[in-house]
Amino acid sequence: MAGFIGMALSYGLSLNLALVFATQNQCALSNSIISVERLCQYMNIPSEAPEVIDENRPEPSWPVMGRVEIHDLKIDILKYLIEADDTPLVLQGITCTFEGGHKIGIVGRTGSGKTTLISALFRIVEAFEGKIVLDGVDISTIGLHDLRMRLGIIPQDPTLFEGTVRYNLDPLSQHSDQEIWEVLEKCQLRETVQEKKPGLCSLVEQDGGNWSMGQRQLFCLGRALLRRYQILVLDEATASIDNATDSVLQRTIRTEFESCTVITVARRIPTVMDDSTMVLSISDGKIVEYDEPTKLMNEEGSLFGELVKEYWSHINSADP
């Protein structure tokens, strides 16, 4: 740093400006060193499981019913992150069954393990113990490509890629223009896309910067509609969008995925109350309750009932 200050002073800068100049260069150097450190860390991350296991591939139509069986599932994320033993379990023996075609709401306070359970379904994190079975197939025995291509997800932070509208909805070019326009109609995006002269070739900037948050979320819905997943996951998909877009999203899912298994992790409790046939309440990585929402609402001491009361209390206090 002394060298930077000396150089700055030699150009006639004041001592204060010289200190600022030196500090900026020191920060830039530190950031560059950290970048190299992160790169080295990523180079040593263990690879995921194989994309395809030739001797154990599911049927092309799998899953048909959308039945999800979770058997004594235990997840230890820290074990993979810091390669340490005796770290606390994030999920501590989850056992339950989501029947095919049911609408499951997963609730719990921050850090309870909701997102970890969804991550285990897609094998973003691997099970420490236990297993998940989809329509009779243990997901740990098949390739990641075969698993993830059969599951749909609408995430909290919608992801769009630089390219065109068509590419973002159908990156593998498996559907016709007519099918894509029909999906845009169902997502209430048809008029918006038609107003742009290139239509389906309209530009999508990196991260979808030239589209609103609500529109990006509806594009993710469009992807799911095109693929017609038997199992669809909504990971707090309505947390960052306005009420109008939320209504479009929920109404479309209710009609278009009526016979599918829909698993919803929701912050907006009314979403779970209105659309779920069953509610799974999680606390500290354990199942607290799993039953119909109306029954849980009437059950004294129910965690779901407490979350409902807290939600409406927060909404009422926020009203002017």
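The values are calculated or read from the model by the stated rules, or taken from the named source; none is laboratory data. Just so we're clear, the structure is a prediction, and the values are computed from it rather than from any experiment. Cβ atoms come from the backbone with ideal geometry, glycine included; neighbour counts cover every protein chain shown. Just so you know, the surface numbers come from the protein's heavy atoms only, side chains and all, with ligands and any DNA or RNA stripped out. Shrake-Rupley method; radii C 1.70, N 1.55, O 1.52, S 1.80 Å.
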Checklist outcome for this item: Flagged in the range 189-206 as touching a residue at least 24 places away in the same chain (Cβ under 8 Å) and either part of a helix (DSSP H, G or I) or within 23 Å of Ser276 (Cβ to Cβ) (or both), in numbering order, are Val193, Gly199, Leu200, Cys201, Gln206
Checklist entry - Which ones in the range 207-241 are open to solvent by 50 Å² or more (accessible area, probe 1.4 Å), more than 14 Å from the chain's Cα centre (by Cα) and closer than 22 Å to Ser276 by Cβ? => result Arg228
Checklist outcome for this item: Across the range 184-206, the tally of residues that are open to solvent by 10 Å² or more (accessible area, probe 1.4 Å) and among the β-branched types (Val, Ile, Thr) stands at 1
Next on the checklist: I'd like to know if the range 141-151 contains one or more residues that are open to solvent by 40 Å² or more (accessible area, probe 1.4 Å), under 30 Å from Leu91 (Cα atoms), more than 20 Å from the chain's Cα centre (by Cα) and at pLDDT 90 or above.
Outcome noted: yes
Checklist entry - Can you pull out the residues in the range 263-320 that are over 22 Å from the mean Cα position of the chain (by Cα), of a type in the set (D, E, K, R) and not in a helix (DSSP H, G or I)? => result Glu289, Asp291, Glu292, Glu299, Glu300, Asp319
Checklist entry - Between a first residue in the range 269-295 that is at negative phi and a second residue that is of a type in the set (Phe, Trp, Tyr) and surrounded by fewer than 21 Cβ atoms within 10 Å (Cβ to Cβ), which pairs have beta carbons less than 6 Å apart while being 6 or more apart in sequence or on different chains? => result Ile269/Tyr311; Leu280/Tyr290
Next on the checklist: The conditions are (1) within 24 Å of Arg228 (Cβ to Cβ); (2) surrounded by fewer than 21 Cβ atoms within 10 Å (Cβ to Cβ), and Phe98 fails exactly one of them. Which is it?
Outcome noted: (2)
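Residue-wise test of (1) surrounded by fewer than 11 Cβ atoms within 10 Å (Cβ to Cβ); (2) at pLDDT below 80; (3) acidic (Asp, Glu).
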{"site": "Gly6", "(1), (2), (3)": "no, yes, no"}
{"site": "Ala22", "(1), (2), (3)": "no, yes, no"}
{"site": "Val52", "(1), (2), (3)": "no, no, no"}
{"site": "Asn56", "(1), (2), (3)": "no, no, no"}
{"site": "Glu59", "(1), (2), (3)": "yes, no, yes"}
{"site": "Gly66", "(1), (2), (3)": "no, no, no"}
{"site": "Glu69", "(1), (2), (3)": "no, no, yes"}
{"site": "Ile82", "(1), (2), (3)": "yes, yes, no"}
{"site": "Thr87", "(1), (2), (3)": "no, yes, no"}
